[in-house]
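Down below is the structure, laid out as structure tokens.
The values are calculated or read from the model by the stated rules, or taken from the named source; none is laboratory data. Owing to the predicted nature of the structure, the values given are computational and were not obtained by experimental measurement. Side chains are part of the model used for accessible areas, which takes the heavy atoms of the whole protein and leaves out ligands, DNA and RNA. Shrake-Rupley method; radii C 1.70, N 1.55, O 1.52, S 1.80 Å.
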Amino acid sequence: RCAELRGDLAGAEPLLRTALDLYEELGVEWAVATVGGNVAMIAERQGDIDAAIQFVERARRAARRLGLRAFDAMMLARLGDYALWKGDRAAADDFHRQAIEMADEIRYPNAKALALAGQAVAHRKAGELEAAEREATTALAMLRSSGLWNGVPKMLATLGMIAEQRGDFEAARA
């Protein structure tokens, strides 16, 4: 994990993959969930979305066996983003919807904020600007109130792109 935090993704990835395999072999489910999510994040940063999906699915299986619904909801939101990146809007919408429903059910705003952020991007890409703005504005407020600051720039950029698509270049610059 230290290598990952230093930005040494090439050094962190094999160590985390080895740890994941060992934890899985030993049946340490909470570690499989946590490390699987970390390995998925590294694969995502390296642009290997197929690998990221596989690692998120491994992490989800472990989380579901443990009843970690908040973690599961976060992973569903990530799967929605991955589906969108791969061009599968229907799957993205389904994953994001599942994440939102689960987040609402367990009252976990962090997962809902991430799923709404993903939906905002999907709506913007499809030219559904009113829905995109509504989801992005809601997601932005939730991200800020939840302290998920790493998602704020994405939503600000999304709102800027929505304004640009509308031809409102002043709002896009703000």
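Evaluated at q = 0.14, 0.19 Å⁻¹, the base-10 log of the normalised Debye intensity for the chain, with identical point scatterers placed on the Cα atoms, takes the values -0.76, -1.23. Note on the chain: with neighbouring protein chains present and a 1.4 Å probe, carbon and sulfur make up 54 percent of its accessible heavy-atom surface. Using the 1.4 Å probe convention, the accessible area of segment 60-162 works out to 47 Å² per residue with neighbouring protein chains retained. Using a probe of 1.4 Å on the protein chains alone, the accessible area found for F95 is around 50 Å².
Measuring nothing but how far apart in sequence close Cα pairs (under 8 Å, 6+ apart) lie, relative to its length, the chain scores a relative contact order of 12 percent.
Per-residue ellipticity at 222 nm for the chain, helices alone: DSSP H runs ≥ 4 residues times -39500 (n - 2.57), over residue total, nearest 500 deg cm²/dmol?
-27500 deg cm²/dmol
Distance from the Cα centroid of segment 72-88 to that of segment 10-35 is 21 Å (rounded to whole angstrom).
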